Amino acid sequence: MLLSKTAELPTAETALPGRAEPLATDVNHYVSGHPLKGPYPQGFQTAIFGMGCFWGVERIFWSLPGVWVTSAGYSGGITPNPTYEETCTGRTGHTEVVKVVFDPQAITYAELLKAFWENHDPTQGMRQGNDVGTTYRSALYTLNDAQQREAEASRDAYQAALTAAGRGTITTEIEPAGEYFYAEDYHQGYLAKNPAGYCGIGGTGVVCPIGVGVEA
């Protein structure tokens, strides 16, 4: 029952209504101190990654040199300004994601993609490890055509590596980004605020061949 219920995305008719007002969230990042919602430094870029529980995902990215600020949020769904509890029902259509603002002179989108592929299992469909449901699906939401091409090329390169290692087929959703909704304040920087908190992130052990088949 759990698997069959949570593996189905809602339609516009069955999705929860949500609300017009954004949820209250942190103003500044708990670790970096930088503003979650900007303004961001000129020339910096943004990327959005969904790879399971956003608590552990956010820590992976805020730890990378060249990343200026991260935030936990919801994307890929229908319901406006969903709460965590609403998202967990599977009736908003969103997956848990992390927004990454980065300096492209210090870290490239390709290098962020490498961290994405290697730090979760992108072959699991509507789950990530023991976390089951549409909110845990693997996703890359792209902000421009160049990111879309690079994300698709990196998927193909990583699929070849997975296949060579005897692993399964990538199920990652790669789509132009829709609206991003910031998660509640207690989710932001969660594992810095709660060092013993849950982190369900784990990779396949297969190295992503960064740059293979990817056009600059």
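The values are calculated or read from the model by the stated rules, or taken from the named source; none is laboratory data. As the structure is a prediction and not an experimental result, all values here were calculated from the model. Note that we place each Cβ from the backbone using ideal geometry, even for glycine, and neighbour counts take in every protein chain shown. We work out accessible area using only protein heavy atoms, side chains counted, and drop any ligands, DNA or RNA first. Shrake-Rupley method; radii C 1.70, N 1.55, O 1.52, S 1.80 Å.
Of the strands (runs of 3 or more DSSP E) entirely within region 1-118, those holding at least 2 residues that are open to solvent by 30 Å² or more (accessible area, probe 1.4 Å) occupy 45-50. Any residue that is among the acidic types (D, E) and over 13 Å from P122 (Cα atoms) - is there at least one of those in region 170-178? Yes, because at least one residue in region 170-178 is among the acidic types (D, E) and over 13 Å from P122 (Cα atoms). When the criteria are applied in full, R167 meets the requirement of being in a loop (DSSP other than H, G, I, E, B) and in contact (Cβ under 8 Å) with a residue 40 or more places away in the chain.
For region 136-164, the candidate set comprises residues that are touching a Ser or Thr at 6+ places or on another chain (Cβ under 8 Å) and without any contact (Cβ under 8 Å) to a residue 60 or more places away in the chain; within that set, the residue that is surrounded by the most Cβ atoms within 10 Å (Cβ to Cβ) is A151.
Looking at A183, A157, A164, A153, just one residue is at pLDDT 95 or above and under 13 Å from the mean Cα position of the chain (by Cα), and that residue is A183.
Within region 38-67, the set of residues being farther than 15 Å from V97 by Cα and not hydroxyl-bearing (S, T, Y) comprises G38, P39, P41, Q42, G43, F44, Q45, L64, P65, G66, V67. Close Cβ contacts (under 6 Å, 6 or more residues apart or on different chains) running from residues in region 57-79 that are within 22 Å of T89 (Cβ to Cβ) to residues that are of a type outside the set (A, V, I, L, M) and assigned to a helix (DSSP H, G or I) comprise A72/F54; A72/E58; A72/H187; Y74/T87.
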